Amino acid sequence: MNRPTRLVVLVSGSGTNLQALLDACADPAYGARVVAVGADREDIEGLARAERAGIPTFVRKVSDFETREGWDASLATVVERFEPDLVVSAGFMKLLSPTFLDRFLTLNTHPALCPAFPGMHGPRDALEHGVKVTGATLFVVDAGVDTGPIIAQVPVAVEDDDDVESLHERIKTAERAMLVDTVGRIAREGITVEGRKVRIGAGAR
Ligand code: GAR
């Protein structure tokens, strides 16, 4: 078997998607391992989860840098140290520069069915719009906001009595399963991205 795919996971909050990846990676047959977890803030549960799992962590706060470019370059430098095959942005609430994205194949999970409801408030915006089905999307990050080539999506029905929290929690349950399943397949089978078409299992990674 090939060596495990090296994942650097970026988080900004509770890190339940990270936890799902950590749990999956405990099985060597999964084909990936989390080599580091990074965050843009301190004292978050996502970092605590990594520490409990014995995974190295790093924090780069935008406010500690004079410019956004300086922050981004520092983030890229520390990520590079861990030699990732893939960077997974899992609830990481910062945009990454084209320079960062040119260096690392970066995936992001978003709690809506892209291209609908991009940005920070996918579940709220879906609820306000009155859609009956929303969900989660895993995509390859590009220079836009939640605009990159789509790798996988999972639908979630909106219930009549949903509020933002109940809807987001149900999305997150589906999102975690999709993330674990898809990242595992990418790790074991490779991914190719041609324009907007993403294929898993075509060989290269
Ligand atoms: C997830 O639902 C993720 O899709 C979302 O934040 C949540 C993080 O949960 N990200 C975005 O909204 C980015 N636009 P977690 O910290 O428990 O994994």
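The values are calculated or read from the model by the stated rules, or taken from the named source; none is laboratory data. Every value quoted in this text rests on a predicted model; they were computed, and no experiment measured them. When we count neighbours, we look across all protein chains shown, and the Cβ atoms used for this are built from the backbone with ideal geometry, even at glycine. Only protein heavy atoms, including side chains, enter the accessible area calculation; ligands, DNA and RNA are left aside. Shrake-Rupley method; radii C 1.70, N 1.55, O 1.52, S 1.80 Å.
Of the accessible area of the range 27-85, computed with a 1.4 Å probe over protein heavy atoms only, carbon and sulfur atoms account for 45 percent.
Return the FRET efficiency for the residue pair Asp160, Asp23: r is the Cβ-Cβ distance, R0 is 35 Å, and the value is rounded to the nearest 0.05. Efficiency at R0 = 35 Å is approximately 0.60.
A P(r) calculated from all alpha carbon pairs of the range 1-97, with 10 Å bins opening at zero, reads 17, 50, 27, 6, 0 percent.
From the cross-link list Lys132/Lys172; Lys61/Lys197; Lys61/Lys132, which pairs have alpha carbons spaced over 27 Å apart? With Cα atoms farther than 27 Å apart: Lys61/Lys197; Lys61/Lys132. For the chain, the fraction of alpha-carbon pairs lying more than 32 Å apart is 13 percent, rounded to a whole number. The simple spin-label model puts a point 7 Å past each Cα toward its Cβ; for Glu194 and Ala177 those points are separated by 3.2 nm.
Would you mind working out the accessible area per residue for the range 1-109, using a 1.4 Å probe, and quoting it in Å²?
Heavy-atom accessible area per residue stands at 46 Å².
From its DSSP helices (H runs of at least four residues, each -39,500 (n - 2.57)), the chain gives a residue-normalised ellipticity at 222 nm of -11000 deg cm²/dmol.
Look at where the Cα atoms of the range 15-66 and of the range 73-125 average out, and the two centres are 14 Å apart. Counting only protein heavy atoms and using a 1.4 Å probe, the accessible area of Asp142 comes to about 50 Å².
Distance in nm between label sites at Arg3 and Val145, each 7 Å beyond Cα in the beta-carbon direction? Placing both labels 7 Å beyond Cα along the Cβ direction yields 3.9 nm. Label positions at Met120 and Leu95, each projected 7 Å from the Cα along the C-beta direction, are separated by 1.3 nm. Of all DSSP bridge pairs formed entirely within the range 53-150, close to 60 percent run antiparallel. Shown for the chain are the DSSP H helices of 30 Å or more along their axis, judged by Cα atoms, with a mean Kyte-Doolittle hydropathy of at least -1.0: 164-189. Multiplying the residue separation of Glu80 and Ser63 by 0.36 nm and removing their Cα-Cα distance gives an extension gain of 4.0 nm.
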